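Structure first, then comments.
The values are calculated or read from the model by the stated rules, or taken from the named source; none is laboratory data. Every value quoted in this text rests on a predicted model; they were computed, and no experiment measured them. Note: ideal-geometry Cβ built from the backbone for every residue, glycine included; neighbour counts use all protein chains shown.
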Amino acid sequence: MKISTKGRYSLEALLCLALLPGSSYTSTHSIAELTGLPEGYLEQLFIPLKKAGIISSGRGPLGGYHLGKTDGEISVGDILRVAEGPLEPVSCVTSQSCPAQSYCLSRHTWGELYSEITECVDNITLADLVRAYSVIDEPEYVI
């Protein structure tokens, strides 16, 4: 399974929002400057994220975007499903209409892989990523 730029950039942009102090709105221009992501692409990515309630927006000079939920309520899986669509490695994993279902030798393997992927991405929240980023960003003091 390969995560496209849609998924990677969506996660990066939302992590940026989660790392910003306070609950003020932030423009796509500011997010683009902070992350190096293309502003026009961010605007496209934010449409489905807003529709899903992951982010919310405000208009006007102080408008922009901020998280629609707390960072602890947004999982990496939530973000990837909005950006990428279903996370199944093959389409027949969750479908009951597969013609080869009764004799497919690899279906169990794909099902196990799907379960592992889902469990992993659903158990990592933006709050977890913020904590991990904070640890990475801490200065090391050596005496």
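Just a few scattered comments:
- Cβ separations smaller than 6 Å between residues 6+ apart or across chains give the following pairs from region 112-134 residues that are among the aliphatic types (A, V, I, L, M) to residues that are outside any helix (DSSP H, G or I): LEU113/PRO89; ILE117/LEU87; LEU126/ILE74.
- Whichever residue in region 27-45 is β-branched (Val, Ile, Thr) and buried (at least 18 other Cβ atoms within 10 Å of the Cβ) and, among such residues, is nearest to SER56 (Cα to Cα): THR28
- Subset of region 13-54 (residues that are within 16 Å of VAL82 (Cβ to Cβ), among the hydrophobic types (A, V, I, L, M, F, W, C) and in a loop (DSSP other than H, G, I, E, B)): ALA52, ILE54
- Residues that are modelled with pLDDT of 95 or more, among the β-branched types (Val, Ile, Thr) and part of a helix (DSSP H, G or I), drawn from region 121-143: VAL121
- VAL82 being out of contact with any Pro (no Cβ under 6 Å at 6 or more places or on another chain) and among the aliphatic types (A, V, I, L, M): no
- The residue that is farthest from PRO89 (Cα to Cα), among those in region 1-12 that are of a type in the set (A, V, I, L, M) and part of a loop (DSSP other than H, G, I, E, B), is ILE3.
- Qualifying position, being charged (D, E, K, R) and in contact with a helix residue (DSSP H, G or I) (Cβ under 6 Å, 6 or more places away or on another chain), among GLU12, GLU73, GLU33: GLU12
- Selection of region 58-77 for residues being over 17 Å from THR125 (Cβ atoms) and either aromatic (Phe, Trp, Tyr) or surrounded by 15 or more Cβ atoms within 10 Å (Cβ to Cβ) (or both) yields GLY64, TYR65.
- Residue selected from region 90-117 under the condition surrounded by 15 or more Cβ atoms within 10 Å (Cβ to Cβ) and at pLDDT 85 or above, by the criterion nearest to the chain's Cα centre (by Cα): ILE117
- Among the residues of region 72-83, at least one is assigned to a strand (DSSP E or B) and either of a type in the set (Gly, Ala, Ser) or modelled with pLDDT of 90 or more (or both).
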